[in-house]
Amino acid sequence: MENICPICVKQPNAHSFMCLCQTISNKYIFYTKFASAKLYNDTEGILKHHENLLNFVNPSSWIWIVDCNGFGLKHSLEIKTAFGLLNMIRKNGNIHRILIINANSFIYNIYKIVKLSFNEDLQKKTVFIKPAEKNIYIDELNNFKLSDENYNMLNNFME
């Protein structure tokens, strides 16, 4: 972890971006919950954390679950971070899907602004998951041949 994010080594949960698992079909699933990041306004550190982890894992294809539970006004003011993450996605253009769970009005409003910078392909890959649709997407992720352990873990994260 020290090579990925020295800030998180000194202050656990300073940022939120982790690799949950690798599927049998060689896709990686990453998870972020912005509200759990203690240093939510550390744009430079957040972007470096993401970049370092993606470089370390070097996924040929990846899925990003973005959990918006607890996302509030203070997080929504970090537009610079949002655009930095968009540039990170562009650099790692092998993203298969962005699954946004537990979205609220702050997220929908930020998305309206940020999606103007998305190309059509990235817009199609970004999906807002309603609570009633959770199982549909867990099943979609399972199409990438999750192990039973990873399936159960993702089920817990998607709650």
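Could you sort the peptides 117-124, 28-35, 103-110, 81-88 by per-residue average Cβ neighbour count (10 Å cutoff), highest mean leading?
The densest-packed peptide leads the list: 28-35, 81-88, 103-110, 117-124.
When ligands, DNA and RNA are left out and all protein chains stay put, how many square angstrom of accessible area per residue does the range 70-130 have with a 1.4 Å probe?
55
Using a 1.4 Å probe on the protein heavy atoms only, what accessible surface does residue 96 show? Give it in Å² to the nearest 10.
Looks like 60 Å² after rounding.
Beyond a 28 Å Cα-Cα separation, which of these cross-linked pairs lie in this structure: 38/115; 48/74; 10/125; 91/112; 48/112?
Beyond 28 Å: 10/125.
I'd like the accessible area for residue 116: 1.4 Å probe, protein heavy atoms, all chains in place, Å² to the nearest 10.
140
Computed over the Cα atoms of the range 30-134, what is the convex hull's projected area averaged over all directions, in nm²?
Quarter of the Cα hull surface area: 6.4 nm².
The values are calculated or read from the model by the stated rules, or taken from the named source; none is laboratory data. From a predicted model like this one, the values you see are computed outputs, not experimental measurements. Because the Cβ atoms are built from the backbone with ideal geometry, glycine has one as well, and the counts that use them run over all protein chains shown. Note: accessible area is taken over every heavy atom of the protein model, side chains too, but ligands, DNA and RNA are not part of it. Shrake-Rupley method; radii C 1.70, N 1.55, O 1.52, S 1.80 Å.
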